[in-house]
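The block underneath contains the structure these notes are about, expressed in structure tokens.
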Amino acid sequence: MAGRFETLPGGGAAVALDEVEISILRSLAVQLMELIGPGDEPVEGEDPLAALFAEGPSEPPSDPALKRLFPDAYGDADEEQRAAAADFRRYTENDLRARKREDALAVVRSLDTLTPVGEGGVVLKLTADESRAWLGALNDLRLTIGTRLEVTDEDGGEGLYRLPDSDPRKPMVMAYLWLGALQESLVETLMS
């Protein structure tokens, strides 16, 4: 099971993690929550019904990683498509940010329940709902790191495999590849 998710009865998944893996995953999930930020939260004491209809930002984020996590819904070829994308963003981005934060928080919370014993690590067991939250968070982490590493759809990150150990991006590349393997095994587990 080391490093690969396996199916649990009832639709859940399990994976063996050691202390270092737990620490890395937790740190990355916390950093993701910090990157996503709180979004435009309703003012305390404001009418809860009004908060349901709160509008979010209409402009895409300037940070390339956030732009990848919150892409425009439509192309920006013309004025009409840009206006439609701004409207879509205004009414959906706050909810999307909240869901991405909740997914990352689910990762942190599940990791915080673990107590690794010795070098063998511990087995993390997730329910079906927790597994879906983990899948979302793993995807968001890979998108963020891939953007920082400038991975494109054209090259698929092939050059990353050939980086020398002395390259300062190597730890981030190793995390990117490891998260990809975790994500792939979780997808396979959830589909079985």
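Collect the residues in the stretch 179-192 that are surrounded by fewer than 15 Cβ atoms within 10 Å (Cβ to Cβ) and either under 16 Å from ILE22 (Cα atoms) or touching a strand residue (DSSP E or B) at 6+ places or on another chain (Cβ under 6 Å) (or both), keeping them in residue-number order.
Those that are surrounded by fewer than 15 Cβ atoms within 10 Å (Cβ to Cβ) and either under 16 Å from ILE22 (Cα atoms) or touching a strand residue (DSSP E or B) at 6+ places or on another chain (Cβ under 6 Å) (or both): ALA181, SER192.
For the structure I just gave you, tell me whether ARG4 is modelled with pLDDT of 95 or more, surrounded by 13 or more Cβ atoms within 10 Å (Cβ to Cβ), in contact with a helix residue (DSSP H, G or I) (Cβ under 6 Å, 6 or more places away or on another chain) and of a type outside the set (Val, Ile, Thr).
Taking the combined requirement at face value, the residue does not satisfy it.
Please determine, by comparing only the residues of the stretch 142-176 that are open to solvent by 50 Å² or more (accessible area, probe 1.4 Å) and among the aliphatic types (A, V, I, L, M), which one is farthest from LEU8 (Cα to Cα).
Among those that are open to solvent by 50 Å² or more (accessible area, probe 1.4 Å) and among the aliphatic types (A, V, I, L, M), it is MET172.
Search the stretch 5-22 for residues that are at positive phi and pair each with any residue that is of a type in the set (A, V, I, L, M, F, W, C) when their beta-carbon atoms are under 8 Å apart and the residues are at least 6 apart or on different chains.
If the second residue must be of a type in the set (A, V, I, L, M, F, W, C), the pairs left are GLY10/ALA128; GLY11/ALA128; GLY11/LEU190.
Report whether or not GLU130 is open to solvent by 40 Å² or more (accessible area, probe 1.4 Å), outside any helix (DSSP H, G or I) and charged (D, E, K, R).
no
When you go through LEU96, LEU105, LEU111 one by one, which is the residue that is touching a residue at least 24 places away in the same chain (Cβ under 8 Å), in contact with a Phe, Trp or Tyr (Cβ under 8 Å, 6 or more places away or on another chain) and either open to solvent by 60 Å² or more (accessible area, probe 1.4 Å) or assigned to a helix (DSSP H, G or I) (or both)?
When all the criteria are applied, what remains is LEU96.
The values are calculated or read from the model by the stated rules, or taken from the named source; none is laboratory data. Predicted, not measured: the structure shown is a model, and the values here were computed from it. Here the Cβ is made from the backbone with ideal geometry for all residues, glycine too, and neighbour counts use every protein chain on show. Keep in mind that these areas ignore ligands, DNA and RNA; they rest on the heavy atoms of the full protein, side chains included. Shrake-Rupley method; radii C 1.70, N 1.55, O 1.52, S 1.80 Å.
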